[in-house]
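Colleague: Please see the structure below; I have some questions.
Computed from the coordinates by the stated procedures, all read-outs in this text should not be read as laboratory data. Note that the structure is predicted; figures quoted are calculated from it, not measured. Virtual Cβ from ideal backbone geometry, glycine too; neighbours counted across all protein chains shown.
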Amino acid sequence: MHSRRCEWPGLQWRSSLEAKGAEEGYAQALRDKDNARSQLEAMKNYELAKEMKNINVKRTTRGGLQIGLELTKIAADIATLTGGGAQVGTPLKIIASGVSAAMPLLARSLKQAGRDRASKAGA
């Protein structure tokens, strides 16, 4: 087969410009799509890092609270062993042990109360 040539040179010039413009438009669309993907990935990474930070803050707070309770138990043991402080040490240890045992239940109930309040505000 032999190729057809356009009789009018201006028409051939215009069609090659249109083809070139279409190629550039396609390339730009691909660049825009890649840019959007990279921005979406960056946003996901940011949200993940933010959530990990929140989790670490909660862990640190909870860990500090547990350390405080354990130090209170140790102080209660020391007071109990000294003899004279037994009247103060034993109730102190009982209270610290009770708070340690109730902490998970208290945390769950506070979370649920927060969820209930949020659902009422959003409804």
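Colleague: Under a cut-off of 28 Å between alpha-carbon atoms, report the lysines in cross-link reach of Lys58, not counting same-chain residues fewer than 8 places apart.
Modeller: Lys58 reaches Lys44, Lys50, Lys73, Lys93, Lys111, Lys120.
Colleague: Treat each spin label as a single point 7 Å out from the Cα along the C-beta direction, and report the Leu71 to Lys50 distance in nm.
Modeller: 3.4 nm
Colleague: Could you calculate the contour length gain from Glu41 to Gln87, that is, 0.36 nm times the residue separation minus the distance between their Cα atoms, to one decimal place in nm? Before the final figure, lay out each step's value.
Modeller: Details: separation 46, 0.36 × 46 = 16.56 nm, distance 6.08 nm.
That pair, Glu41 and Gln87, stretches by 10.5 nm at full extension.
Colleague: How high is the FRET efficiency between Ile95 and Thr60 when r is their beta carbon distance and R₀ equals 35 Å, given to the nearest 0.05? Mind dumping the intermediate values first?
Modeller: On the way: r = 24 Å, r/R0 = 0.68.
According to the calculation, E is roughly 0.90.
Colleague: Can you pull the one-decimal nm distance between simple spin-label points at Ala27 and Leu110, each 7 Å off the Cα toward Cβ?
Modeller: 5.9 nm
Colleague: Once the Cα atoms of region 40-102 are picked out, what are the Rg and Dmax in Å?
Modeller: 19.3, 66
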